[in-house]
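Rule-based calculations on the coordinates, nothing more; no lab input. Keep in mind the model is a prediction, meaning the values are calculated, not measured. Every residue, glycine as well, gets a Cβ built from its backbone with ideal geometry; the counts of neighbours run over all protein chains shown.
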Amino acid sequence: MRIDCPNCGSRDRREFQYLGAAVLMDRPAPDAGEQAFVEYVYFRENPAGAHRELWLHEMGCRSWIVAERNMGTHEFASTRLAADVKRGAK
Amino acid sequence: MSRLTSGGQIDRTQPLRFSFDGKSLAGFKGDTLASALLANDIRLVGRSFKYHRPRGILSAGSEEPNALMQLGQGDQTTPNVRATTQELYDGLIAASQNRFPSLAFDLLSVNDLMAPFFGAGFYYKTFMWPKSFWEKVYEPFIRRAAGLGRLSGKADRALYDKAFAHCDLLVIGGGPAGLMAALTAARGGLDVILADEDFAFGGRLNSETVEIAGQPGAGWAAQVVTELAGMANVRLMPRTTVTGAYDGGTYAALQRVSHHLADPADHLPLETFWRIAARRTILAGGAIERPIAFANNDRPGVMMASAVRSYANRFAVLPGQKISLFTNNDDGHRTALDLLRLGADIAAVVDTRGDVAAMGDYPLITGGQVTGTSGRLGLKSITVSSASGRLKVATDCLAVSGGWNPSVHLTCHMNGRPVWREDIAAFVPADNAIPGMRVAGAANGDFSTHAALSAGAAAAAEALGDLGKPAPATVFPAAEDAPIQLEPFWHFTGSKGRAWLDLQNDVTTKDVALAHRENFRSVEHMKRYTTLGMATDQGKTSNVGGLAVMADLTQRSIPETGTTTFRPPYSPVALGALGAHGAGKDFAPSRFLPSDALARELGAHFIEMGVWYRPSLFPQSGETHWRQTCDREMRMVRSAVGITDITPFGKIDVQGADAAVLLDLVYANTMSSLKQGRVRYGVMLREDGMALDDGTCARLGEDHFVLTTTAGAASDVFAHLEFCTQVLRPELDVQFFSVTDQWAQFSIAGPRSRELVSGLCDEDISNERIPYMACAEVTIGGIGCRLFRISFSGEQSYEIAIPARYGEALARELGQRAAALGGGWYGLEALNALRIEKGYLTHAEMTGQYTADALGIGGMVSAKKDCIGKVLSQRSALVGPGKMELIGLKPVSPLKQFSGGAFLFSQGARQVLGNEEGHVTSHCYSPSLDHVIAMAFLRDGRSRLGEHIIMKDNARGIEAVCEVCPMVHVDPDGERLRG
């Protein structure tokens, strides 16, 4: 598998570390309550299709990357720097 | 000798000697082991897997099921080498397998007489009872009787390598389609890798008499290879099998680097395992000819027709004196013509089709079938049935052609299912089975030379188009374009003898019928019940034949019957190659302390902590047990001064206007209130509320902090900070960097530590200026250093960080000064015991399963601010009664040692799993107390101080009554720290 790092280009997936669904970007407010944090930490969709997820280019530029990957075919539709995505979301 | 006096692609000027089963034989450069054996009239080369039947060479390629050899000798022996792909070299030593005492007389061939009892699944039924016999009697017997080659049982000393390659276009297979594809793409400017499993490019062109552009096919191939070799954008990889197709255009390939060399240079690996990243791929892997199943079709001398042409045309060897053919298509006739041209004697051509005419001067039996054979150690005759009756034909070689199966294997590695093509009676690859891959030539069912050339060129033109380049104008070479003339014929069902489908696993048509009777009718079940298509050849010559038999039995078509799943690797890959550079010291990097050389001079014992090599003990003369050393080092620290190298602790330099904001988010306690020049102990949580790591945080300036982490958690903590700053709070103005390697760091601990350090530093480091938990920048011998007044031992203690290049010099200076004060070096054993005496945590306690509260530092979670993990650390399940709490343990009566991981039970409780109330995490002997102590998790432990409890370790047979006590055993008020 190969992943397009926005900084480094197409790289072997062994350079990356997988974290999980990109919902981890949206940390609840401190006063959102226990249930909101339980859902944030534990509850995940498992779609047989497009999935937004976080990868760390651990053996490269060490950027956190938001990737859109098809869980059925492992095809990547897009990769963006998580910091850019987060700033854009504001 | 069966060697022809001229012709072929062997080099008669380079004769080679080799040995087979101890007999010295001769061959030429350009031979395979198989062709050299045939040239020496050796037809019997092995014994079969189950029945120990005599077997000969079937094929001339990697699909070979029979001719498996043990190569080399001693601990460098390699089993299951296919003689058909092994290049001959001078001094090659080969031995046949699975026979005792000799190939011609094999005692276990008695199995063949017992065949009625050894059908498919026999061991499931036969060895049912007594149960205890399976491991001791049945399995060892089966393993002795069955099987192929044997491993030496010694370590493999051979060198293996791994490598990476990138290209625009990977062409798999160097036959006519692959060569034409590579040539077109390379001329069009693509970076091309051309890989072929053979040592000579050309594929079938080397074995056939076809012409391309008016010259022999092999000559055309050589010409193309010469042009490709001269191009900078082409990498030719002969002896390289592409073994697997993976996501994103990644391919695995095994290159045999020195298997063919008589005396390889020391630096050469035996094999190199490649990962190739290709933007586009063309699979031109050709096709494999399929046998026809008939009674006793496994005798030495029964071969594939394509193999007979290979041996005759490429290697100039006639595999028999009187050769017969059995075919259902025109290839059998072409084989006869080739053999006639070379002067061979054709006994008969048996064609299953009724309406064909001879293409030359040979006896033809139309509408005929070979129904049996004779010859125990080698073929002597065949029985042919036809409309004109039964006929016995004397022959020593039968060439069989049942049509061709395209090599679809790689196209199935990503769930692709091949598609049945009725006109050629074969499976071809599904469209777009592998993203980025096109299939050309025989691999796609295009069997003529012309079709292969044009498909290769077309596929390359499409790849060029994909990558934005125009296809070059290529003069297209003329070649034969014979249509395939074939009548499907799979197996002869009329005779009583066993008809082999899978020669390697000894599976016959009767085994498939048995599977059918016992309702293992799905192809996947049939494969596993009969073992058809397993072992080293993965059914390359047997798979489709087996499907055809099952299709007949179930009265379905072959496509309805379906195929089993082809998985990587295409052909066997040695574990040594997969694990290249993954053994011994290559497995992980080795990291050495700045004081490593000094510690070795001092005779320290080392242990591996993660990737670091750290001294565990500094034994002195007369010390014969590790405890003597450890206890002395601990007393030294508590009474004078000890030094230890703590460089592996993670050090992270954090700077920026929002540095304190980040630290307040990641630490459970508040760091923004920390004053400059002060250090604070901190704990980080994961978002699920469990403790991630602990360490210190020093504020060097308003916007400048230095964190320390546990050695083992350094990379996790660093990635966590990156997550927080990039994913959660990218707006923060904060930068950080790991400076673990940049600073050598030493701990100086003990009541005389200040005496030592003040003599070193140019500045005043009095208790007033540098009190407990202070930090400062100091100079030592003119070098800027950092001084931290922190402790991991409970003693008055300093840590000095110095730029790493001065680390060793400082270490030597510290050692000398410590010695003058009655102190010296201490190792990890003492360091660990000192921290247990003081109740400090390590990752024996901070396993990721416990909250700060469980660890006894719940008070550090600030009520005034948010932090990662705060909300979930206060979940009801984690704060209610019955939760684990870390406590200390001491023995009630004399005890030799506590036991790490031992369970704790209430007195009187049944000692069974489920009743345990906690476990021991860390333990040591305390010289200060003169008895053993431990740290342990215990339910509601902090409210059970003084209670007597049972420690039970069933694995080590230790049981003891102990008392629950506070964790801090030494200096509970911290007076020594502040002194």
Residue by residue through segment B:376-386, the couplings from Karplus 6.51 cos²θ - 1.76 cosθ + 1.60 with θ = phi - 60°, in Hz, x for Gly and Pro, are 5, 9, x, 4, 10, 7, 10, 9, 10, 10, 8
Percent antiparallel among DSSP beta bridges confined to the protein assembly as shown, rounded to 5, stands at 75 percent
So for B:Phe592, B:Phe792, B:Phe427, fewest C-beta neighbours within 10 Å to most, what's the order?
B:Phe592, B:Phe792, B:Phe427
Chymotrypsin sites (Phe, Trp or Tyr not before Pro) in segment B:88-197 lying in a DSSP loop, each with at most 13 other Cβ atoms within 10 Å of its Cβ, come to B:Phe105
Express the relative contact order of segment B:173-219 as a whole percentage, based on alpha carbon pairs under 8 Å and six or more residues apart in sequence.
39 percent
Note the direction-averaged projected area, equal to a quarter of the hull surface, for the Cα convex hull of segment A:2-89, in nm².
6.1 nm²
Give, as a single signed number, the net charge of other residues whose beta carbon lies under 15 Å from the beta carbon of B:Phe905, with Lys and Arg counted +1 and Asp and Glu -1.
-3
Which of the three applies to segment B:650-738, rounded, prolate or oblate, going by the alpha-carbon gyration tensor with a ≥ b ≥ c and a/c under 1.5 meaning rounded?
rounded
Report the one residue of B:Ala854, B:Thr921, B:Gly882 whose Cα lies farthest in the direction of the positive end of the charge dipole of segment B:835-924 (charges on C-beta: Lys and Arg +1, Asp and Glu -1; origin at the Cα centre).
B:Ala854
Chymotrypsin sites (Phe, Trp or Tyr not before Pro) within segment B:478-517: DSSP coil, no more than 12 neighbouring Cβ in 10 Å:
none
Once phi is turned into ³J(HN,Hα) by the Karplus curve 6.51 cos²θ - 1.76 cosθ + 1.60 with θ = phi - 60°, what whole-Hz value does each residue of segment B:731-740 show in order, with x for glycine and proline?
7, 5, 8, 8, 10, 8, 8, 6, 10, 3
Between segment B:571-596 and segment B:614-634, the Cα center-to-center distance that results, in Å:
31 Å
Within segment A:30-69, DSSP-loop chymotrypsin sites (Phe, Trp or Tyr not before Pro) with at most 10 other C-beta atoms within 10 Å are A:Phe43
Given Cα pairs under 8 Å that are at least 6 residues apart, what percent is the relative contact order of chain B?
9 percent
Could you state the angle between the C-alpha long axis of helix B:807-820 and the longest principal axis of the C-alpha atoms of chain B, as a value from 0 to 90 degrees rounded to the nearest 10?
40 degrees
Which ³J(HN,Hα) values, rounded to whole Hz and listed in residue order, are derived for segment B:712-721 from phi using the Karplus coefficients 6.51, -1.76 and 1.60 in 6.51 cos²θ - 1.76 cosθ + 1.60 with θ = phi - 60°, glycine and proline given as x?
x, 9, 4, 6, 5, 5, 5, 5, 5, 5
Given Cβ point charges of +1 (Lys, Arg) and -1 (Asp, Glu) and nothing else, what value in debye, to the nearest 20, does the dipole of segment B:881-979 about its Cα centre take?
160 debye
When the Cα centres of segment B:832-856 and segment B:313-338 are compared, how far apart do they sit, in Å?
78 Å
If a/c stays under 1.5 just call it rounded; otherwise compare a/b with b/c (prolate if a/b is bigger, oblate if not). Do that for segment B:555-682, with a ≥ b ≥ c from the square roots of the Cα gyration tensor eigenvalues.
oblate
Distance in nm between label sites at A:Ala32 and B:Ser621, each 7 Å beyond Cα in the beta-carbon direction?
6.8 nm
Taking H placed 1.01 Å from N in the peptide plane, check which residues at least 5 places from B:His581 or on another chain put their amide H under 5 Å from its amide H.
B:Tyr160
How many angstrom separate the Cα center of segment B:681-718 from the Cα center of segment B:197-218?
66 Å
When Lys and Arg each count +1 and Asp and Glu each count -1, what net charge do the other residues less than 10 Å away from A:Ala77, Cβ to Cβ, add up to?
0
Shielding score for B:727-736, defined as the mean number of other chain Cβ atoms within 10 Å
4
Fewest first, what order do B:Asp191, B:Asp266, B:Asp853 take by the number of other Cβ atoms within 10 Å?
B:Asp266, B:Asp191, B:Asp853
Show me the ranking of peptides B:439-447, B:713-721 by mean Cβ neighbours inside 10 Å, starting with the highest.
B:439-447, B:713-721
Net charge near A:Ala36, counting Lys/Arg +1 and Asp/Glu -1 over other residues with Cβ under 11 Å of its Cβ?
-3
Please say if segment B:169-221 is rounded, prolate or oblate, where rounded means a/c under 1.5 for a ≥ b ≥ c the square roots of the C-alpha gyration tensor eigenvalues, and otherwise the choice is prolate for a/b larger than b/c and oblate otherwise?
oblate
Sorted by Cβ density within 10 Å, fewest first, the residues B:Arg239, B:Arg417
B:Arg417, B:Arg239
Can you tell me, using C-alpha contacts under 8 Å and at least 6 residues apart, the relative contact order of segment B:881-979 as a whole percent?
36 percent
